[in-house]
Amino acid sequence: MSGYGGRPPSGWDDPYGASQGWDPNGAYGRPGGDPYGMPPPGYGYGYGYGPPGVPHAPSSNGSTIAALVCNIVGIVLCCNILAIPGVITAAIAMGRVQTDPRSARKLTIWSWCLFAASVVLGIVFLIIYIVVIANSEPDYGTTSGV
């Protein structure tokens with residue numbers, strides 16, 4: 001006998017005192033004969049699971065607040081027009097975090113995308129401004145009398 005399930009051999013003495021009541025299938029953990037005190041299947045909760053009916057953790061709006069603040073900073077510092085819809089979508093998402101978390105998450109993603117687009121647009125305008133300034137001819141107030 002290998003010792004992995006099955007009926008104990010006849011005349012076997014259980015060292016833990018639970019030799020009677022083995023189930024017909026002979027597997028450990030079944031009602032009526034676990035010598036090691038394991039509860040029968042269906043009794044208790046599995047690893048990592050709580051009892052039924054436990055509510056999930058409430059949705060967090062930290063990312064939404066960060067998107068709102070970043071878009072507001074984008075409007076103030078860069079005067080960027082794409083950050084205005086980002087502020088609006090972040091504000092709407094903040095109102096929907098508790099009632100409709102899926103919609104709030106989508107709006108937050110849109111707000112971050114608009115913020116990223118406004119940053120890219122700001123960098124493009126800065127590069128264009130530098131190129132235009134570098135290519136312009138300096139006018140030092142030349143006088144024709146020399």
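Nothing in this text is a laboratory measurement; each read-out follows from the coordinates by a stated rule. Keep in mind the model is a prediction, meaning the values are calculated, not measured. Backbone-built Cβ (ideal geometry, glycine too); neighbour counts: all protein chains shown.
Figure legend. Inter-residue proximity from the stretch 72-89: first residues without any contact (Cβ under 8 Å) to a residue 60 or more places away in the chain, second residues crowded, with 16+ Cβ neighbours inside 10 Å and hydroxyl-bearing (Ser, Thr, Tyr), beta-carbon distance below 7 Å, spacing 6+ or different chains. Indicated pairs: GLY74/SER118; CYS78/SER118; ASN80/SER118; LEU82/SER118; ALA83/SER118; GLY86/SER111; GLY86/SER118; THR89/SER111. If you scan the stretch 76-116, which residues turn out to be under 14 Å from ASN61 (Cβ atoms), in a helix (DSSP H, G or I) and of a type in the set (A, V, I, L, M)? Answer for the stretch 76-116, where residues must be under 14 Å from ASN61 (Cβ atoms), in a helix (DSSP H, G or I) and of a type in the set (A, V, I, L, M): ALA90, ALA91, ILE92, ALA93, MET94, ALA104, LEU107, ILE109. Filtered by the rule that a residue be closer than 16 Å to ASN71 by Cα and touching a Lys or Arg at 6+ places or on another chain (Cβ under 9 Å), the stretch 90-112 gives ALA93, LEU107.
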